[in-house]
Amino acid sequence: MSLDRETVARVARLARIELSDSELEGLVRDLERIVAYVDEIGALPLEAVPPTAHAPGATLPLRPDAPLPCLDREVALAEAPRQAESAFAVPEFVTE
Amino acid sequence: MTGAASSASRIAADVRGGRRSAVEITREALARCDRHAELGALLYVARDTALAAASRLDARRAAGEPLGTLAGVPVVVKDALCTIDAPTTCASRILTRDGTPATGWRPPYDAEAVARLRAADAIVLGKANLDEFAMGSSTEHGAFGATHNPADPTRTAGGSSGGSAAAVASGLAPLALGSDTGGSIRQPASFTGVVGIKPTYGRVSRRGLVAFASSLDCVGPLAATVEDAALLLAVVAGHDPLDSTSLDARAGDYVAACGREVAGLRVGVPREYLETGLEPEVEASFREGLAQLGRAGCEIVDVSLPSTRLAVATYYVIAAAEASSNLARLDGVRFGLRVEPPAGGIAALHAATRSRGFGAEVKRRILLGTWVLSAGYYDAYYLRAQRARTLIREDFVRAFASVDAIAAPVSPVPAFRLGERLDDPLSMYLADALTLPPSLAGLPALSVPSRPTRPTGDRPALPVGLQLVAPPLEEERLLALAAAVERAATP
């Protein structure tokens with residue numbers, strides 16, 4: 001699989017990253033080489049091998065299903081670059 | 001190094017016994033930070049809060065209160081761990097208001113590992129430099145400059161915990177916390193000549209470690225000696241009910257383990273690791289380390305880990321996928337940088353902020369990760385990488401049926417020059433080939449200094465680490481073996 005310019009630009013849109021033309025060119029070049037390298041696992045017969053999503057270990061205990069205090073509103077908002085009406089401020093994204 | 005910190009256990013004993021004050025020790029450590037500022041090991045020196053904490057500690061001692069195991073010991077914390085009283089930037093512009101570390105994000109809580117340090121009465125001296133969001137192997141990929149290797153300032157300190165490693169190697173502090181996702185504690189420890197431990201996945205809480213690749217990230221200690229590393233591991237290890245991947249396993253007696261007998265242990269040497277183009281001086285150092293283990297009574301045997309060659313590809317697919325998901329939270333809304341575009345709504349706000357805020361390597365990995373998770377490629381790359389991860393893990397299970405531990409080099413080369421690999425990301429990734437397999441298998445592993453390279457015309461003697469790997473939760477065995485290597489290497 002090779003990664004062309006159009007694919008990298010589409011993935012960048014999905015990842016919410018804008019790229020200048022020169023950044024895009026550099027990334028196409030780098031990602032082509034990286035993907036050519038990782039393609040070696042694409043060529044192996046692995047269908048019968050179960051996937052590992054997580055390093056296995058002892059079973060992970062669940063904590064009691066009891067409510068715990070969470071951050072106070074002011075604390076949660078303290079580092080927000082913009083806030084309005086005691087909430088995080090974002091541009092309007094729902095219209096009636 | 002002259003003027004360097006004494007050992008952590010010595011400092012703590014002196015402070016507890018009233019022979020030295022925590023304020024005096026903190027002042028000396030702060031002076032060393034000023035003197036070695038050109039190394040770029042620290043992004044933030046916590047001058048005021050460190051002195052205030054030291055002063056409170058001295059008052060408690062004067063009042064006759066018992067003090068903790070790290071009483072008055074200065075500790076440097078990798079700047080990917082949250083600190084409530086110091087900015088936390090991950091060496092990224094996106095976690096700052098205006099692109100400087102001083103305007104970095106102020107987390108509302110301490111990382112669990114940091115909270116345990118403070119509970120043991122350690123003094124948090126400052127925040128250590130790293131590759132941006134821990135993505136890199138040279139501590140050159142941060143937004144605030146590179147870390148230089150104390151052994152040769154024209155060379156990298158390794159990465160991504162290069163600031164933590166350089167801080168210990170140059171004696172700023174006897175102890176540091178780092179994080180290791182694919183080698184980020186072990187490789188900088190090897191490059192700078194200190195001890196670095198990646199514990200079993202889940203052994204140390206990840207809560208408050210800014211997530212890079214959640215199925216791989218581990219918090220661990222760096223120190224000048226095996227015993228000091230053990231002391232710090234003992235403080236931070238243990239179950240944390242607020243980290244759902246924290247193992248409910250009792251921490252070991254790590255300091256005592258350093259004196260444990262190793263005679264009779266079987267140590268396997270994976271033949272595939274010796275076929276990766278090791279620099280001859282690195283291989284010679286490794287063979288001497290093996291001989292030292294042999295003289296300590298270990299039986300050195302050949303083992304095979306046939307899926308080793310899959311590790312780099314497997315790791316870079318899985319880590320990039322997890323990173324692209326974890327870093328989605330950095331969007332200009334809740335913390336850090338916000339770049340408001342003139343129009344375009346929330347998607348434009350996200351894109352403008354992320355484009356300005358992330359550096360080149362982070363963008364590269366976010367794009368790779370987004371791509372391998374995108375429709376049509378998930379099965380071909382991400383799911384396949386998870387299957388390959390199973391093969392890598394099963395290699396170790398088979399090997400550990402016949403050996404107690406595995407010994408390997410940490411890196412095929414010693415510290416490389418600053419800038420040498422920046423234009424070639426793939427060569428940077430390939431340099432991690434020997435530390436990635438234990439990470440993918442979730443195993444405990446460490447780097448302990450073995451014989452440095454011999455100086456040549458254009459290169460001074462450079463540190464080389466020996467890597468030891470053990471079955472899950474067997475950190476004590478690792479420490480016993482590392483201490484044996486250390487004893488043999490110390491004249």
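Extent along the principal axes, Cα only, for chain B: 71, 62, 51 Å, with the longest axis given first. Phi angles across the stretch B:430-437 convert, under the Karplus curve 6.51 cos²θ - 1.76 cosθ + 1.60 with θ = phi - 60°, into 3J(HN,Hα) values of 5, 5, 8, 4, 8, 9, 5, x Hz, Gly and Pro given as x. Here's the picture: charge each Lys and Arg Cβ at +1 and each Asp and Glu Cβ at -1 in chain B, and of B:P306, B:S447, B:A176 the one pushed furthest to the positive end of that dipole is B:A176. Counting only lysines at least 8 places from B:K78 when in the same chain, those with an alpha carbon closer than 16 Å to its own are B:K127, B:K198.
Distance from the C-alpha centroid of the stretch B:123-156 to that of the stretch A:63-90: 32 Å, rounded to the whole angstrom.
With the convex hull constructed from alpha-carbon coordinates only, the stretch B:1-129 shows a mean projected area of 7.8 nm² over all directions. Computed about the Cα centre, the dipole magnitude for chain B is approximately 620 debye when only Lys and Arg (+1) and Asp and Glu (-1) carry charge, each at its Cβ. Peptide B:373-383 has a mean shielding of 3, counted as Cβ atoms of other protein chains within 10 Å of each residue's Cβ.
Of the residues A:H54, A:A43, A:V90, the one whose Cα sits farthest towards the positive end of the charge dipole of chain A is A:H54 (charges of +1 on Lys and Arg Cβ, -1 on Asp and Glu Cβ, taken about the Cα centre). Coupling constants for the stretch B:452-463 follow from the phi torsions by the Karplus curve (6.51 cos²θ - 1.76 cosθ + 1.60, θ = phi - 60°), and in residue order they are x, 5, 7, x, 10, x, 10, 9, x, 4, 10, x Hz; glycine and proline get x. Please work out, to two decimal places, the log10 of the ratio I(q)/I(0) at q = 0.15, 0.26 Å⁻¹ from a Debye calculation in which every Cα of the stretch B:345-435 carries one identical scatterer. Log10 I(q)/I(0), no solvent term: -0.92, -1.23.
Backbone amide hydrogens, once placed in the peptide plane, bring B:Y44 within less than 5 Å of B:K127, excluding anything fewer than 5 places away on its chain.
Given R0 = 41 Å, the distance between the Cβ atoms of B:E283 and B:A63 translates into a calculated FRET efficiency of 0.15. Note on the stretch B:241-385: Cα-Cα pairs beyond 17 Å make up 77% of the total pair count.
D by Stokes-Einstein for the stretch B:121-182, Kirkwood Rh over Cα pairs, 10 °C, 1.306 mPa s: 138 µm²/s. Inter-chain neighbour count for B:356-368: the average number of beta-carbon atoms from partner chains within 10 Å of each residue's beta-carbon is 4.
Think of the stretch B:314-378 as having a plus end and a minus end, set by charges on the Cβ of Lys, Arg, Asp and Glu; of B:W371, B:N326, B:A352, B:A352 sits farthest toward the positive end of this dipole. Set the Cα radius of gyration of the stretch B:397-475 against 2.2 N^0.38 Å, with N its number of residues, and you get 1.30.
Packing here is the average count of other Cβ atoms within 10 Å per residue, and on that basis the peptides B:32-38, B:88-94, B:20-26, highest first, run B:88-94, B:20-26, B:32-38. Using Stokes-Einstein with the Kirkwood hydrodynamic radius over Cα pairs, what translational diffusion coefficient do you get for the stretch B:143-262 at 20 °C and a viscosity of 1.002 mPa s, in µm²/s rounded to a whole number? The calculation lands on 147 µm²/s. In the protein assembly as shown, the alpha-carbon atoms span a convex hull of 165 Å³ per residue. The three principal axes of the Cα atoms in chain A give end-to-end lengths of 51, 47, 29 Å, sorted in falling order. Averaged over the residues of peptide A:74-84, the number of Cβ atoms from other protein chains lying within 10 Å of each residue's Cβ is 4. As a ratio to 2.2 N^0.38 Å, the alpha-carbon radius of gyration for the stretch B:279-332 is 1.94. The share of alpha-carbon pairs in the stretch B:54-102 lying farther apart than 11 Å comes to 74%. Relative contact order, whole percent, for chain B stands at 17, derived from Cα pairs under 8 Å and 6 or more residues apart. For the stretch B:314-378, what's the relative contact order in percent, using C-alpha pairs closer than 8 Å and at least 6 residues apart? Relative CO of the stretch B:314-378 lands at 47 percent.
Basic side chains Lys and Arg get +1 at the Cβ, acidic Asp and Glu get -1 at the Cβ, and with that the dipole of the stretch B:72-115 about its Cα centre reaches some 160 debye.
For the stretch B:314-378, the alpha carbon positions stretch 40, 22, 19 Å along the principal axes, listed from largest to smallest. Ratio of Rg to Rh for the stretch B:1-73: 0.99 [Cα atoms; Kirkwood radius as inverse mean 1/r over pairs]. Evaluated with a Cβ-only charge set (Lys, Arg +1; Asp, Glu -1), the protein assembly as shown carries a dipole of roughly 920 debye about its Cα centre, given to the nearest 20.
All of the numbers you see were taken from the coordinates with simple rules; none came from a lab. Just so we're clear, the structure is a prediction, and the values are computed from it rather than from any experiment. Note that each Cβ is placed from the backbone with ideal geometry, even for glycine, and that neighbours are counted across all protein chains shown.
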